[in-house]
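These notes are about the structure you will find just below.
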Amino acid sequence: MNKSLITIIAVIGIVLILVLWSSSRYNSLVTKEEGVTAAWSQVENVYQRRADLIPNLVSTVKGYADFEKSTLTAVIEARSKATSVTIDPTKLNESNIQQFQQAQDGLSSALSRLMVVVEKYPDLKANQNFMDLQAQLEGTENRIATERRNFNQAAQDYNTQIRRFPSNIFAGLFGFDKKAYFQAETGAEKAPEVKF
């Protein structure tokens with residue numbers, strides 16, 4: 001009887017250790033995935049900050065009667081498109097992130113064209129409201145770069161975890177999928193051509 005009791009206790013102990021170890025692995029994967037979700041939320045947050053600055057910028061620029069209306073229209077349309085693209089953080093695959101990035105790149109391009117056109121208007125460039133908005137946009141662009149980098153680091157940490165043994169077994173069993181990264185824009189590897 002003593003021998004069978006010891007065997008039962010040993011089996012229960014081994015099962016308990018396996019359950020605790022398995023739950024620890026699973027919880028680690030959940031923590032990493034939540035880190036990716038939190039980093040994605042910050043990316044969306046800074047892009048939203050940029051989108052929120054644009055109506056004020058457009059209003060300031062509209063005050064200059066001879067300003068190119070087509071440029072303002074392009075900025076407004078790009079903002080509308082960029083804010084309409086949302087992604088479920090549990091489905092951060094390459095296609096979704098690329099779609100999100102293309103919409104944001106369209107807005108960045110429209111803002112760049114706006115800033116080039118603004119160069120023709122010294123009064124507008126000297127307007128304090130415009131200068132403040134421009135400084136806020138520049139700061140936001142820096143925040144966007146930082147949050148995108150943070151997101152990529154969180155995604156890399158998560159992706160590494162789900163590929164490692166034995167976590168890869170739990171990732172496969174419980175449906176933890178690889179997360180995509182932000183990629184550089186096409187052509188970003190080439191230096192811009194400057195002509196004088």
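The values are calculated or read from the model by the stated rules, or taken from the named source; none is laboratory data. Treat the numbers as computed from the prediction; the structure is a model and nothing was measured. For neighbour counting, all protein chains shown are included, and Cβ atoms are generated from backbone atoms with ideal geometry for every residue, glycine included.
Does the stretch 169-180 hold any residues that are surrounded by 14 or more Cβ atoms within 10 Å (Cβ to Cβ) and in a helix (DSSP H, G or I), and which are they?
Across the stretch 169-180, the qualifying residues are F170, A171.
For the condition more than 30 Å from Y181 (Cα to Cα), surrounded by 17 or more Cβ atoms within 10 Å (Cβ to Cβ) and out of contact with any Pro (no Cβ under 7 Å at 6 or more places or on another chain), what is the one hit in T60, T140?
T60
Restricting the first residue to the stretch 55-84 and requiring it to be within 16 Å of A103 (Cα to Cα) and at pLDDT 80 or above, which pairs with a second residue that is surrounded by 16 or more Cβ atoms within 10 Å (Cβ to Cβ) and aromatic (F, W, Y) meet a Cβ separation below 9 Å and a spacing of at least six or different chains?
A82/Y47; A82/F100; T83/Y47
Restricting attention to the stretch 4-39, report how many residues are polar (S, T, N, Q) and surrounded by 13 or more Cβ atoms within 10 Å (Cβ to Cβ).
3
Does the stretch 90-107 contain any residue that is over 15 Å from the mean Cα position of the chain (by Cα) and among the acidic types (D, E)?
No.
Could we say that T37 is at pLDDT below 90, touching a Ser or Thr at 6+ places or on another chain (Cβ under 8 Å), within 30 Å of D177 (Cβ to Cβ) and not in a loop (DSSP other than H, G, I, E, B) here?
Considered against the rule, which asks whether it is at pLDDT below 90, touching a Ser or Thr at 6+ places or on another chain (Cβ under 8 Å), within 30 Å of D177 (Cβ to Cβ) and not in a loop (DSSP other than H, G, I, E, B), T37 comes out as no.
Could you please let me know if F100 is at pLDDT 90 or above and of a type in the set (F, W, Y)?
Against the criterion (at pLDDT 90 or above and of a type in the set (F, W, Y)), F100 qualifies.
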